[in-house]
Amino acid sequence: MNHTKRIQPTEYNQPVAIDDKPDGGISTSTTTSSQAGFHTNCTVRASTAAHAYCGILIPLFNWGEERFVSTEDYQFLEMDFSYSASSIDSLAISLINQRQTQGTQFIHYVYPQQGQQQIKLPLRQFMVPAWNAFDLYQANKPFEHTFTQANLLQVVTGDSKKDRQVTFDIHHIALTGKWLSQTQLFASILVVWGVILLTHLLLVTYNSVQQLQQQNRTNASLQKLNQHLKAQAVHFKNLAKYDELTGLLNRKGLNACYEQAIRAYFNKSQPYAMILLDIDHFKQINDSFGHDVGDDALRQVAKTVQFELREQDTLARWGGEELVIISPVENITSAARLAERIRRSIANAQILPSHKITASFGVAMLPNDDVEQWFKLADAALYRAKQKGRNRVEQVD
């Protein structure tokens, strides 16, 4: 909303004519006021005074009132005036703070043309002139460097020392600006508080979303870690059941086969045989060709044996160069035939180019629920095969 203060002549704020006589000059000035505005007639005469001037002093409020114009309330000084001069010069328009004894002046210079004209001066461009600041300093009076408040308006001629006749009629003086009504102010405050509240809610929502997303990321990471740990647990559990060199089951890995064979024994549903085989003269292979060649030979033997087995047969590494087969068969004869087929495959395989590899076998059927006794029977048969010249199959009848 526009905020305007018009300066009009009344019986309480009559203007005052001013000239350079207080400074030793001889210029003269007369001023009158009417509903049409303020009229000033100046006769400027050069003299020994430092400055030759004359003009008008207009109160912004009624004389004697302690009221002031502030840049916080207004933004511009607007004037509509007619100007006539025998020698054109500048006009010094001043806003004066009469609260101080000496009076701080905030001046804005304009350069009028002959005739009627309008000006609009920003209040923040009014500055304290050097001579006024010096006078205040000499009088030991404080002053403000920029315009903040004033209660008098002064219009005087410029600094030219030429004799001249100057007349100016001020038809309109107004201080203008923008301000908010009570309703607008209240609405603005509500808008500001609304923006603050909305910003707060957005920040709270944003932080909540961020925390939720972070929690989801954390949960996803924990779930992924848990899955990884489970996979690792399964992996290590499997490692405990398998032989690292051959990839076959180890002794622990045979426990499930033992349990299956014992259940079948009690149910009388399926006989099981154990076939123990030992690679003949394996130490000589390691001594002659090195342990790396021996390890590779053991892996090749395991592959050869695995090729001859059925899906229901289980092959494991018992230890060293010994392998064990748990096989569901009809009887000891069937188990011995399986062992013989494997023996021939190993003997005929080209595992080492310059060395023939053979194996000895011991075969035994599960006699009861004693796995240890079962192994001892198969091991005894294997021992007989070794004693009888190796590369053969012996069974427990």
Could you list THR205, THR43 so that the one with the fewest beta carbons within 10 Å of its beta carbon is first and the one with the most is last?
THR205, THR43
Is the shape of region 229-377 best called rounded, prolate or oblate, per the rule: a/c under 1.5 gives rounded, else a/b larger than b/c gives prolate, else oblate, with a ≥ b ≥ c the square roots of the Cα gyration tensor eigenvalues?
oblate
Measure off 7 Å from each Cα along the Cα-to-Cβ vector at VAL293 and GLN35, then give the distance between these two points in nanometres to one decimal.
13.5 nm
The chain, relative contact order [Cα under 8 Å, separation at least 6], %:
14 percent
Are there cysteines in the chain with no second cysteine's Cβ under 4.7 Å away, and if so, which?
CYS257
Listed with the fewest Cβ neighbours within 10 Å leading, VAL293, VAL209 appear as VAL209, VAL293
Tell me, what are the semi-axes, in whole angstrom and largest first, of the equivalent ellipsoid of the chain as set by the roots of 5 times the Cα gyration tensor eigenvalues?
129, 25, 16
With the cut-off at 31 Å, tell me which of the pairs LYS230/LYS268; LYS21/LYS178; LYS241/LYS376 have Cα atoms farther apart than that.
LYS230/LYS268; LYS21/LYS178
Using a 10 Å Cβ count of at most 11 others and DSSP loop calls, identify the longest part of the chain lacking such GluC sites (Glu not before Pro).
73-243
Sort VAL363, VAL301, VAL396 so the one with the fewest other Cβ atoms within 10 Å of its own Cβ comes first.
VAL396, VAL301, VAL363
Run down the aspartates and glutamates and flag those whose C-alpha is under 15 Å from the C-alpha of LYS388, throwing out any fewer than 8 positions away in its chain.
ASP278, ASP280, ASP379
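Read-outs: derived from the displayed coordinates by stated rules, not from any lab. Note that the structure is predicted; figures quoted are calculated from it, not measured. Glycine also receives a Cβ, built like all others from the backbone with ideal geometry; neighbour counts cover every protein chain displayed.
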